[in-house]
Amino acid sequence: MKKKKIVIIGGGISGLTAGVYGAKSGFEVEIYEKHSIVGGECTGWDRQGYHIDNCIHWLMGTTEGTALNKIWQDVGAIGEGIEIIKSDKMYTSELDGERITLWEDINRTEQELMLLSPEDEVEIKKLMKFTKLSKNVQIPAEKPSEMFGLIDGIKMGITMKDTMKVFKEYAGMDTNDLMNRFKHPLIRCMISDFCTKESLASSFPMAYGNFTSGDGGVPRGGSRALAFRMQKKFESYGGKVYTNASVQKVVLEDDKAKGIQLSDGTVISADYVICACDTDYTFGTLLPKSYMEPLMKEMYENRKAYPVYGMFQIAFAVDCDVDVVGTETIIDFRDLQFASWVNDRLTIKSYGYEPDFAPKGKQIIQILLGLTEDSYDYWSELYKDKEAYCNRKEEIAQQIMKKVEERFPEYKGKLTILDIWTPMTYKRYCNAYKGYNQAFMITKYSAKRPYPSAYVEGLENVILAGQWISPPGGLPGAAITGKFAIQRILKKEKRSIKL
């Protein structure tokens, strides 16, 4: 009997995850990726003997015993022989000569916060209490919610009981509201340094709680190596990857997808099509926009409820191997804000834990400067004049270099710019909506709204996967939706969804 064929558009984490599970389940599976390598935004590249990592700061699901960890192991992202690098701190925030660190040891963090601001004692204890409750939070990753039975609901209720307490405490609040509970400006910065001010107030305690649980390590080799391991696992099951293969559209006939058409005109037949790519590209390019469901349309139209952001990033080579940054340090940027769409905080990340990312005796550090979604209009317009675009990038990078040298004088005269990338980079390589490398932010205005559907009404054999149907995005959501896509197909085939 001939195998049913699944074609996956997009070789990022969701596409690779779907690919592994699909091929393992006995389907003929092909992945089509527009870039020259797999990984999507979970990637990295080499410059002048250095490796630039684009994605993983810490990965949820590296601790064994969770459904998410099982996914990472199943798809080859982590497993036997892959070292998980752990840090004793999440990040350090600085302001006006003071600093505070979010340690893996939450009691140490609490003590240092109390020393920093005794007048915030009540709120500090409350925040740490709910962070501790968040230590065992697990993202539902067994199967799609529409396939839940009564027992599944009871199990999830038990698993989520502590999470629900956190949600109840911060119901109707965003991160800005949480910040304003505190008097000390550095504590307010510390909270918003991880979560944008529009994000849900529960985001900070839940993320930090996960980190303090001992989860959230970094697989040795970083983002690109992780994606390549997933590709290897996929191919070991007989799956095929086609890179430099931009998909122009899904071929439709009688309310059904017959396959895909590549940009060179080649038509590939398929029994099922998984769109594991940016939903802005799916609806409007791959499929007519009329297939977009009302909820997703609302997400694109209601900017207050579903904002997106952007990043200006730089990689510096450092002519010494002494790590004075200490994993990740976030400093004030108010004095150098050059546009209304630029954040007032600057993240400096060290990769000292990856000695192979730099030649011996040297190291690499990276800069992340947050932007509002308005920045995309600026960069996309500027990109029309490549020389002006490159000059502006260089000008900003030089200003930031001086700022870094000012904060870390040990690096003065030792920094060299390796690469600079903007929202346009993600747009060009990944078709990212407004050049954003994550998904819509869930805010207090959209918290009670459901997630977008993975089904396309009117097309029975097209399934969606990827972080854009699992806001606010990130690798866990991408992987989970990839797994769920195959379970949805298995259900249509009247087969067991157990993977």
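The values are calculated or read from the model by the stated rules, or taken from the named source; none is laboratory data. Just so you know, these numbers come straight off a predicted model, no measurement behind them. As a convention, Cβ positions derive from the backbone with ideal geometry for all residues, glycine included, and neighbour counts pool all protein chains shown.
Matching residues to (1) under 28 Å from residue 22 (Cα atoms); (2) in the same structural domain as residue 449 (by TED's automatic domain parsing):
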position	(1), (2)
207	no, no
225	yes, yes
251	yes, yes
266	yes, yes
282	yes, yes
285	yes, yes
298	no, yes
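Kindly indicate whether any position in region 9-23 is assigned to a strand (DSSP E or B) and over 30 Å from residue 351 (Cα atoms). Looking through region 9-23, at least one residue is assigned to a strand (DSSP E or B) and over 30 Å from residue 351 (Cα atoms). The condition of being charged (D, E, K, R), under 20 Å from the mean Cα position of the chain (by Cα), modelled with pLDDT of 95 or more and within 30 Å of residue 330 (Cα to Cα) holds for only one of 98, 110, 41, that being 41. Checked against (1) in contact (Cβ under 8 Å) with a residue 40 or more places away in the chain; (2) farther than 19 Å from residue 220 by Cα; (3) not basic (Lys, Arg), residue 327 passes all but condition (2). Of all residues in region 10-19, at least one satisfies being in contact (Cβ under 8 Å) with a residue 60 or more places away in the chain and either among the polar types (S, T, N, Q) or in the same structural domain as residue 137 (by TED's automatic domain parsing) (or both). Please determine, by comparing only the residues of region 172-196 that are in contact (Cβ under 8 Å) with a residue 12 or more places away in the chain and surrounded by fewer than 16 Cβ atoms within 10 Å (Cβ to Cβ), which one is nearest to residue 142 (Cα to Cα). Out of the qualifying residues, it is 172.
Please verify whether region 130-139 includes one or more residues that are assigned to a helix (DSSP H, G or I) and at pLDDT below 90. Looking for residues that are assigned to a helix (DSSP H, G or I) and at pLDDT below 90, one finds at least one in region 130-139, hence yes.
For region 345-369, a tally of residues being in contact with a strand residue (DSSP E or B) (Cβ under 7 Å, 6 or more places away or on another chain), at pLDDT below 95 and of a type outside the set (Ser, Thr, Tyr) returns 1.
Are any of the residues in region 388-400 of a type outside the set (Asp, Glu) and outside any helix (DSSP H, G or I)?
Taking region 388-400 and keeping what is of a type outside the set (Asp, Glu), we get 388-393, 396-400.
Imposing the further condition that a residue be outside any helix (DSSP H, G or I) reduces the set to none.
Within region 388-400, not a single residue is of a type outside the set (Asp, Glu) and outside any helix (DSSP H, G or I).
If I ask for residues that are surrounded by fewer than 20 Cβ atoms within 10 Å (Cβ to Cβ) and more than 27 Å from residue 432 (Cα to Cα), which ones from region 359-397 would you list? Across region 359-397, the qualifying residues are 359, 360, 361, 362.
Among residues of region 439-464 that are at positive phi, those with a Cβ under 6 angstrom from a residue that is modelled with pLDDT under 95 and of a type in the set (Asp, Glu), sequence gap 6+ or separate chain, pair up as 458/255.
Every residue, every condition in (1) of a type outside the set (Asp, Glu); (2) in contact with a strand residue (DSSP E or B) (Cβ under 7 Å, 6 or more places away or on another chain); (3) closer than 27 Å to residue 454 by Cβ; (4) buried (at least 17 other Cβ atoms within 10 Å of the Cβ), yes or no:
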| position | (1), (2), (3), (4) |
| --- | --- |
| 113 | yes, yes, no, yes |
| 121 | no, no, no, no |
| 125 | yes, no, no, no |
| 131 | yes, no, no, yes |
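Would you say residue 474 is surrounded by 16 or more Cβ atoms within 10 Å (Cβ to Cβ), assigned by TED's automatic domain parsing to the domain that holds residue 251 and in contact with a Ser or Thr (Cβ under 8 Å, 6 or more places away or on another chain)? For residue 474, the condition - surrounded by 16 or more Cβ atoms within 10 Å (Cβ to Cβ), assigned by TED's automatic domain parsing to the domain that holds residue 251 and in contact with a Ser or Thr (Cβ under 8 Å, 6 or more places away or on another chain) - is not met.
Counting only helices (runs of 4 or more DSSP H) that fall entirely inside region 151-242 and contain at least 3 residues that are in contact with a strand residue (DSSP E or B) (Cβ under 6 Å, 6 or more places away or on another chain) and closer than 30 Å to residue 82 by Cα, the qualifying elements are 222-236. Here residue 233 does not qualify as without any contact (Cβ under 8 Å) to a residue 40 or more places away in the chain, under 27 Å from the mean Cα position of the chain (by Cα) and either surrounded by 15 or more Cβ atoms within 10 Å (Cβ to Cβ) or more than 30 Å from residue 357 (Cα to Cα) (or both).
Residue-wise test of (1) in contact (Cβ under 8 Å) with a residue 60 or more places away in the chain; (2) surrounded by fewer than 24 Cβ atoms within 10 Å (Cβ to Cβ); (3) closer than 17 Å to residue 474 by Cβ.
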| residue | (1), (2), (3) |
| --- | --- |
| 25 | yes, yes, no |
| 37 | yes, yes, no |
| 65 | no, yes, no |
| 77 | yes, no, yes |
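Give the residues of region 59-80 that are assigned to a loop (DSSP other than H, G, I, E, B) and either out of contact with any strand residue (DSSP E or B) (no Cβ under 6 Å at 6 or more places or on another chain) or charged (D, E, K, R) (or both), sorted by residue number. Once the filter is applied, which keeps residues that are assigned to a loop (DSSP other than H, G, I, E, B) and either out of contact with any strand residue (DSSP E or B) (no Cβ under 6 Å at 6 or more places or on another chain) or charged (D, E, K, R) (or both), region 59-80 yields 60, 61, 63, 64, 65, 66, 75, 76, 77, 79, 80. Of all residue pairs spaced 6 or more apart or on separate chains, those with beta-carbon atoms under 9 Å, a first member in region 122-141 that is free of Cβ contacts under 8 Å to residues at least 40 places away in the same chain and a second member that is hydroxyl-bearing (Ser, Thr, Tyr) and part of a helix (DSSP H, G or I) are 128/109.
One line per residue, one yes/no per condition, for (1) at pLDDT 95 or above; (2) within 17 Å of residue 286 (Cα to Cα); (3) charged (D, E, K, R):
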| residue | (1), (2), (3) |
| --- | --- |
| 424 | yes, no, no |
| 430 | yes, yes, no |
| 435 | yes, no, no |
| 447 | no, no, no |
| 451 | no, no, no |
| 457 | yes, yes, yes |
| 463 | yes, yes, no |
| 467 | yes, no, no |
